[in-house]
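The values are calculated or read from the model by the stated rules, or taken from the named source; none is laboratory data. Predicted model only: the values in this text are computed from it and were never measured. No Cβ is skipped: glycine too gets one built from the backbone with ideal geometry, and neighbour counts run over all protein chains shown. Heavy atoms of the whole protein, side chains included, go into the accessibility calculation; ligands, DNA and RNA do not. Shrake-Rupley method; radii C 1.70, N 1.55, O 1.52, S 1.80 Å.
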Amino acid sequence: MTEIRNIVILTGAGISAESGIDTFRSAGGLWEQHRVEDVATPEAFARDPDLVHRFYDMRRASIREKLPNPAHFALAELDAAWRGNLLIVTQNVDDLHTRAGARRVLHMHGEHLKAWCTSCDVRSHWRGPLIDRPPCPICQSRSLRPDVVWFGEMPYRMGEIYGALREADLFVSIGTSGAVYPAAGFVQNARELGIRTLELNLEESQGSRWFHESRLGPASEVVPAWVAEVLRGG
Ligand SMILES: [Zn+2]
């Protein structure tokens, strides 16, 4: 791997699971008798904004009690040490990569700790609840929504992600099922570009067959081991 210079890393729910952050699917799929998919859509927000705000207020509050785990810290260490290009593209809306110290992080599905004003289109850091319709810090209008990408909405900054892939020598997927597009398509895109591909996952995923190599195990073990190997130049 000595020729590796530019790295794109995709992270998913599997890296945050060991920090106690549940996924929609692992949570049993229900919340107050609603399917979670049904509170995470623009249609749900239009129909019952209080319900959607309550759901996201709860999740926003709960991530503040969670802590980054050794997988987040290992990627932050790699980010700090790596001289070439490196981009951590995360599907997670928690802030655990950042809290571990990583800087080159792209949140393709948005962030729990931001609110998006649909009046002035500005995204502001946000920690409190939104259910009481607080004013936007920029334009004072009461049109803030969670800055998370809902089912049926376009992920953020796809052009930047594909640009980074075109420059990359290595694509690494960590803790994702490989089932959800467009993220699932990144590995196929990487293969077409002739980039080496590595999967680090708890178990074999639906996308495993696309990767040159899969290493299976808990993220808190396989990610630090891989980072140590990369930093050794191995
Ligand atoms: Zn505003």
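Centre-to-centre, using Cα atoms only, region 38-71 and region 112-169 are separated by 13 Å.
First select every other residue whose beta carbon is under 12 angstrom from the beta carbon of Arg166; then total the charges, Lys and Arg +1, Asp and Glu -1. Show your work: numbers first, answer last.
Numbers: positive: none; negative: Glu160, Glu167, Asp169, Glu192.
Overall, the nearby charge balance is -4.
Taking every DSSP beta bridge that has both ends in region 39-154, the antiparallel portion is near 75%. Under 12 Å from a label point set 7 Å out along the Cα-to-Cβ vector of Glu160, the amide N atoms of region 61-89 belong to 87-89. On the basis of the beta-carbon distance and an R0 of 35 Å, Ser119 and Glu167 show a calculated FRET efficiency of 0.45. Annotation: the antiparallel percentage among DSSP beta bridges lying fully within region 82-234 is about 40. Site pair Asp48 and Ile138 shows an inter-label distance of 3.1 nm when each label is modelled 7 Å from Cα along Cα→Cβ. Rolling a 1.4 Å probe over the heavy atoms of the protein chains gives region 1-116 an accessible area of 46 Å² per residue. Annotation: for a label point projected 7 angstrom from Cα along Cα→Cβ of Arg35, residues of region 152-182 with backbone N closer than 14 Å are 152.
With the charge dipole of the chain set up from +1 on Lys and Arg Cβ and -1 on Asp and Glu Cβ about the Cα centre, the Cα lying farthest toward the positive end among the listed residues Ala115, Leu198, Ala225 is that of Ala115.
What you get for the chain, charging only the Cβ of Lys and Arg (+1) and of Asp and Glu (-1), is a dipole of about 500 debye around the Cα centre.
If you roll a 1.4 Å probe over region 128-227 with all protein chains in place, what percent of the accessible area is carbon or sulfur?
51
Mean 1/r over all different Cα pairs, inverted: what Kirkwood radius does region 75-234 give, in Å?
Kirkwood radius, region 75-234: 17.3 Å.
Taken along its three principal axes, the alpha carbon spread of region 114-176 comes to 46, 24, 22 Å, from the longest extent down to the shortest.
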